[in-house]
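Right, one structure below, let's go through it.
Bear in mind these aren't lab numbers, they're just calculated from the coordinates by the rules spelled out. These figures come from a predicted structure and were not determined experimentally. Note that we place each Cβ from the backbone using ideal geometry, even for glycine, and neighbour counts take in every protein chain shown.
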Amino acid sequence: MRGQDVRLDNVSMVYPNGFTAVQTTDLTIKAGEFFSILGPSGCGKTTILRMISGFLDPTSGHVAIGGQPMTGIGPNRRPTALIFQNLALFPLMTVWENVAFGLEARGVAKAARRKRADELLALVALEGQADKKPGELSGGQRQRVAVARALAVEPAVLLLDEPLSALDLKLRQHMRAELKDIQRKTGVTFIYITHDQGEALTMSDRVAVMNKGVIEQVGTGEAIYNEPASPFVATFVGEQNLFGGTVIGTVDGMAQIETPQGMFLGINRAGLVVGERAQLFVRPERVRLMVNGNGAEHGLGNQLDAAMERRDLEGPFLNLFMRAGDQPVSLHITNTGDLGSATAQGSQHRIGFRSEDAVVMRVDA
Amino acid sequence: MRDLVRTFGTGLTTVIIGLVALWFLALILLPQVSMVQRAFTVEDRAGRSALLAVEIERLYVRQFEISRERDALQKSAEPAPAEAPSPFAPSMNAAPAAPSPSDPFAPSMRRPGAAVEAADPQVVAAKLAELEAEAAAVTAKIAELEAQETRSDALDTRLSLENFTSMSSIHAKIFVSTLGYALMVTVLALIVCYPVAYAVATAKTAERAALLMLLLVVPYAINELLRIFAWVLILEKQGLINSVLAMLGFIDLSAGEGVRFVASNWAVFTVMIYAYVLFMVFPIYNTIETLDKNQIEAARDLGASNWRIHTRVVIPHAKPGIAVGSIMTFMLSAGSIAVPEIVGRGMHPDWFSQVIYRRFFETNAWNQGAAYSLALLAACLVFIMAVMTFFKVGIRDIAK
């Protein structure tokens, strides 16, 4: 089993009812990569997956897998295997028959099928479950049967359509690790569709963030999180504090904007010029509470005053909901155990964040 | 029960339960019991009661002959026409056989001997007296025998398997072949209906599914007999198919070419499949509808051919629906009388349903008709059980 690369050249998808699911897109997924497509429901990510798997023909452009154009090749003849959101296991077949179904379709003899199915079930840690029906397994086990069934046909590309969404949180976290592990062992290219940023960020080598049929950013999880390329990416992935204002100066890739809450400096990756309407994004965990001393000591270039409104205990950290004038600001701070009195409701605080942690972006028309 | 009372109140519940009981008793239990009872009862019409009937018949004929002879004698003795009161008591047994007195052929039946002897009044008087005596004896005998006939013990009624065991070899052959025909219809209907049901169940849009369903249901807005007759119009020698073939120049109808499609089992099969298409399509459609369509896509994605997708994924899932559809189609076609009667008119051998019909309404052998019906019912049930066992479908699967 060796992964292959997937290329989308000028691919777009317009449904017969006129709905544009995917706008013209170029995308290259490297061989052996764990690639996630992240976006809200209806953003077109499943459409992309179905075009790669062959269930949909793109309206324009073409898909190539391993350098081979896939135009006119049906899903049963592509080197891909799809894991459905509801898994779509065959309930009337036993677990091993499910796993071996792809081999059966290729005319492999029964003994060889059984042997291969047992190997794959061992790979996904399901030894001894081969003769059960899928209905007798737990959700996580069924999940692994679906993975084994897809891997049985030795696909070059494994496509996963939100396969973990039906599982509970604990199991989901466990399965993330397992999927990542299986991907590493097999070297197959994984294309993983999800609306759960946690899944995308923890498992993926690279992530594409999609919105309304457009891929807004492709990059590593860190790049997506730390250097969002668009307001949508900034707000969809993780949480953000947002300050609206006008650019009053730019220098060395930084932009200074004037907001009702004060003047802030942030990274100006989008190349805004003076006078433009701008938004400044800063993540709640990058905003700090200055309990004593002033911000300059901490290197906090941007500072403002805010009043404590509410405090939620998450366990390892605290969510602080503050207000600067009529602008809400939220902070995530580590629960060091000595902030009880300091964060009482109504207390006034000086808060601040580093310029390097803030991103200035153009306001979308 | 308590739920019913709570939902509908005592009054309505009583009505509902009463109606259900009535339905069960009058439309299910009593007819079945009556049929079973008749099937195992022999009314031996070929025995003593039949002999009685023949004897009575013979006496009526003799009575008629006497009256004719007497008339002839009287006519030859005196020219004035004697009053001849009809000797006939209205009787079912005698009337059809004997010609009526006003029969134009009656004079030719006059015996030559009677005319010769007419000359001597003495001889005529003696002969007349003799005839009168015989007539009285015959009338008395008729009364006696008719009294015997109406007595219930004259009917030789007894419990027996004779109605079944006396089935002629031709009827037995028809019985077996009818089961074979019904199986044939069922298999053909399944082959025709499965793709239709699949197409409707997997239609891309709801509108298309509704349209397909409508096309299936519309023919059922027409009376069943008309639908069958419509097929006769299509399949007859001067029918639609041959007309179209003639129009296209393949055959010459005026030269007597063309196939007479009706009066063949294939025509009967075709019409039956058409008549029972919905009974097969609906159950299969219902089960395929409940199949997670992702399973079909998953199978295709794993490289399965269409054939394998159907044999491994769709058909196993649709098995209960296929079983229900097949059972209904089998029962309906095994018991159908209208289709073989109308489409198969003139065809030999008949279907068993036609044999049963004739037992009842032509041969007047109700008991054997009941026995034949029971035999057909039993054979169908055994057949269904066998098929369900073979395909490993349980009653509970079907109930789903």
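In sequence order, what are the phi-derived ³J(HN,Hα) couplings for segment B:281-298 according to the Karplus relation 6.51 cos²θ - 1.76 cosθ + 1.60 with θ = phi - 60°, rounded to whole Hz, with x for glycine and proline?
5, 4, x, 5, 4, 4, 6, 5, 3, 7, 6, 5, 5, 4, 5, 5, 5, 4
Trypsin sites (Lys or Arg not before Pro) within segment B:134-208: which are DSSP loop residues with at most 11 other Cβ atoms inside 10 Å?
B:ARG151, B:LYS204
If the reach is capped at under 18 angstrom between alpha carbons, list the lysines near A:LYS185, excluding any in the same chain fewer than eight residues apart.
Result set, ordered by chain and number: A:LYS30.
Run the reach check for A:LYS170 against lysines, Cα to Cα strictly under 20 Å, same-chain hits fewer than 8 apart removed. What comes back?
A:LYS180
Return a whole-number percent for the relative contact order of segment A:60-193, with Cα pairs under 8 Å and 6 or more residues apart as the contact set.
Reported relative contact order: 31 percent.
If you take the charge dipole of the protein assembly as shown about its Cα centre, with +1 on Lys and Arg Cβ and -1 on Asp and Glu Cβ, which of B:ALA206, A:PHE90, B:SER353 is farthest toward its positive end?
Looking along the dipole axis, the top candidate is A:PHE90.
What nm value, rounded to one decimal, do you get for the distance between B:LEU253 and B:ALA129 when each label is placed 7 Å out toward the C-beta?
The modelled label-to-label distance comes out at 7.9 nm.
Show the residues, 5+ positions off or on another chain, whose built amide H is closer than 5 Å to the amide H of B:LEU291.
Correct list: empty.
Can you give the mean number of other chain Cβ atoms that lie within 10 Å of the Cβ atoms in peptide A:80-92?
Details: counts 1, 4, 6, 2, 6, 1, 4, 4, 10, 4, 9, 6, 6.
Per residue, the number of nearby Cβ atoms from other chains is 5 on average.
Need one number for chain A: average projected area of the convex hull over its C-alpha atoms, nm².
One quarter of the hull surface, i.e. the mean projection, equals 22.1 nm².
For chain B, with a Gaussian network of springs between Cα atoms less than 10 Å apart, report the residue from B:GLY239, B:GLY249, B:GLY11 with the top mean-square fluctuation.
B:GLY11
Which value in deg cm²/dmol, rounded to the nearest 500, describes the helix-derived mean residue ellipticity at 222 nm for chain B, given -39,500 (n - 2.57) per DSSP H run of n ≥ 4 and division by the residue count?
The per-residue figure over chain B is -21500 deg cm²/dmol.
Please tell me which of these pairs span more than 28 angstrom C-alpha to C-alpha: A:LYS45/A:LYS132; A:LYS110/B:LYS319; A:LYS133/B:LYS319; A:LYS45/A:LYS115; A:LYS132/B:LYS392?
Violating the 28 Å Cα-Cα cut-off are A:LYS45/A:LYS132; A:LYS45/A:LYS115.
Loop sites only, by DSSP: take the GluC sites (Glu not before Pro) in chain B that have at most 11 other C-beta atoms within 10 Å and name the longest stretch containing none of them.
B:84-361
For labels at A:ALA31 and B:ARG358 in the simple 7 Å Cα→Cβ model, what's the distance in nm?
7.9 nm
What is the extension gain from A:ARG2 to A:GLN327, computed as 0.36 nm multiplied by their sequence separation minus the C-alpha to C-alpha distance, in nm to one decimal? Could the numbers behind the result be given before it?
Working: separation 325, 0.36 × 325 = 117.00 nm, distance 5.22 nm.
Net length gain for the segment: 111.8 nm.
About the Cα centre, and with charges only on the beta carbon of Lys, Arg (+1) and Asp, Glu (-1), how big is the dipole of chain A? Nearest 20 debye, please.
1240 debye
How large is the dipole of chain B about the Cα centre if only Lys and Arg carry +1 and Asp and Glu carry -1, each at its Cβ, rounded to the nearest 20 debye?
The dipole of chain B has a size of about 2120 debye.
If contacts are Cα pairs under 8 angstrom and at least 6 residues apart, what is the relative contact order of chain B in percent? Could you put the intermediate results ahead of the total?
Values: 363 pairs, mean separation 84.9, N = 400.
Answer for chain B is 21 percent.
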